[in-house]
1. Work out the FRET efficiency for residue 327 and residue 163 from their Cβ-Cβ distance, taking R0 = 41 Å, and round it to the nearest 0.05.
2. May I ask you to derive the relative contact order of the chain, considering only C-alpha pairs under 8 Å and at least 6 residues apart, and to give it as an integer percent?
3. Looking at the range 198-333, what % of its DSSP beta bridges pair antiparallel, to the nearest 5?
4. Got the relative contact order for the range 27-128 handy, in percent, Cα pairs under 8 Å and 6 or more residues apart?
5. When N counts the residues of the chain, how does its alpha-carbon radius of gyration compare numerically with 2.2 N^0.38 Å, as a ratio?
6. If neighbour count is taken as other Cβ atoms inside 10 Å, put 87, 43 in order from fewest to most.
7. Assuming 1.567 mPa s and 4 °C, estimate D for the range 293-348 with Stokes-Einstein, Rh taken as the Kirkwood radius over Cα pairs, in µm²/s.
8. Over the range 175-244, what relative contact order in percent results from Cα pairs under 8 Å that are six or more residues apart?
Amino acid sequence: MKLRWCVLLVPALLAAGCGPLDETPEPVVDELTGQVLQEATTKYDMHRLLEDSDVTGGTGITPAQVQAFLQQQGSYLAGYTDPAWGKTAATLIVERSRASNISPLYMLARIQGESSLIQSGTSTNLSKATGCGCPDGSGCDAQYVGFGKQVECAAKKMRGYLTDLEAGRATISGWKVGVTKSTSDPCSVKPVNNATAALYTYTPWVGAYAIQCGRTTVGGSSLMASIYNRFKTAYPWTLTAAEGCYSGTVDAVVPEGSCVQSSSDALWRQCSQGVFIGGTTTKPSNCNVSFPYCVSTRLGRGVPVRTCVQASSTLWQQCGAEGVWRDAPGADTTGVGPMGTCYATYAL
């Protein structure tokens with residue numbers, strides 16, 4: 001908050017010595033991460049920041065859902081593919097999280113809290129997306145630099161902490177359920193569940209979003225609770241079998257009733273109650289949306305959805321839904337277009 005400035009040494013000049021009151025709040029910058037802290041609308045119990053299921057759940061979350069969420073949030077990651085992995089950010093968030101039985105939704109919150117990448121349109125902090133292997137006040141360990149490595153590192157570390165806690169052991173830094181320990185704020189915290197103890201192992205600060213204690217210039221572990229609960233309600237994450245099917249051809253979950261012309265045999269299959277049925281040479285008549293082959297005049301034949309073709313010296317296109325070609329700048333170097341990773345690439 002900016003304060004009204006006044007000269008109080010000479011009472012006679014008091015009226016002339018006071019400037020106007022400026023109520024514009026100054027942004028609060030996290031002294032650990034350098035990210036601007038949002039104003040808290042809800043605060044959390046520092047002894048119970050998240051539930052265990054918040055950190056280990058999310059088994060039904062798909063790459064397509066994460067991709068849609070990233071697009072909704074205007075994230076730079078919505079168009080990013082990690083060159084070291086050859087996979088989109090959305091795919092890496094889901095795959096690397098689930099490989100360690102960690103929720104992709106928790107991982108989205110971790111990325112936002114550490115680097116702001118979920119709601120940022122720029123690539124700033126991409127190499128230290130989750131802050132994993134990046135101690136306070138120093139640079140990141142070279143072995144963890146890169147988006148995919150950051151996600152994998154964060155998921156593995158949380159899984160390691162939880163494994164210790166589930167076995168009744170303290171974590172590597174001494175956090176344990178039911179045992180009081182001091183944070184770096186400092187605050188005396190007694191975690192009531194494994195998720196909270198694991199969060200403090202990852203980030204030993206209470207921070208600005210807890211009811212008790214905490215430092216207002218540090219997001220801390222309470223920031224994870226704030227972001228997680230905000231993201232949880234910002235998108236309809238639940239996906240039932242009746243709502244879609246995963247298609248390897250499209251490399252995404254497609255809605256119920258969708259029809260896909262398979263890249264493996266060119267046969268048509270339709271999503272029905274969570275599974276693909278059929279296998280016909282003709283397209284079903286009741287498709288909600290379809291993913292047919294696109295006709296390429298340059299190649300002289302049809303090609304599966306996601307195929308990338310160079311149409312001219314300056315134009316790359318990718319086969320999209322309904323057989324429509326979509327502009328795909330950079331597909332020649334990244335191998336990715338608006339529909340995701342190129343199924344195949346054809347240059348001039």
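Bear in mind that the values in this text are calculations on the coordinates, not laboratory data. The model shown is predicted, which means the values in this text are computed figures rather than measured ones. In this analysis, Cβ positions are derived from the backbone assuming ideal geometry, glycine residues included, and neighbour counts consider all displayed protein chains.
1. Working: r = 47 Å, r/R0 = 1.14.
Once the sixth-power term is evaluated, E becomes 0.30.
2. Details: 706 pairs, mean separation 42.3, N = 348.
Once normalised by length, the contact order is 12 percent.
3. Values: 21 of 23 bridges.
Here the share of antiparallel DSSP bridges comes out near 90 percent.
4. Numbers: 113 pairs, mean separation 28.7, N = 102.
Relative contact order, the range 27-128: 28 percent.
5. Numbers: Rg = 25.0 Å, N = 348, 2.2 N^0.38 = 20.3 Å.
For the chain, the normalised Cα radius of gyration comes out at 1.23.
6. Numbers: 87 22, 43 15.
Going from sparsest to densest Cβ surroundings: 43, 87.
7. Numbers: Rh = 10.6 Å.
Stokes-Einstein gives a translational diffusion coefficient of 123 µm²/s.
8. Working: 94 pairs, mean separation 14.7, N = 70.
Value for the range 175-244: 21 percent.
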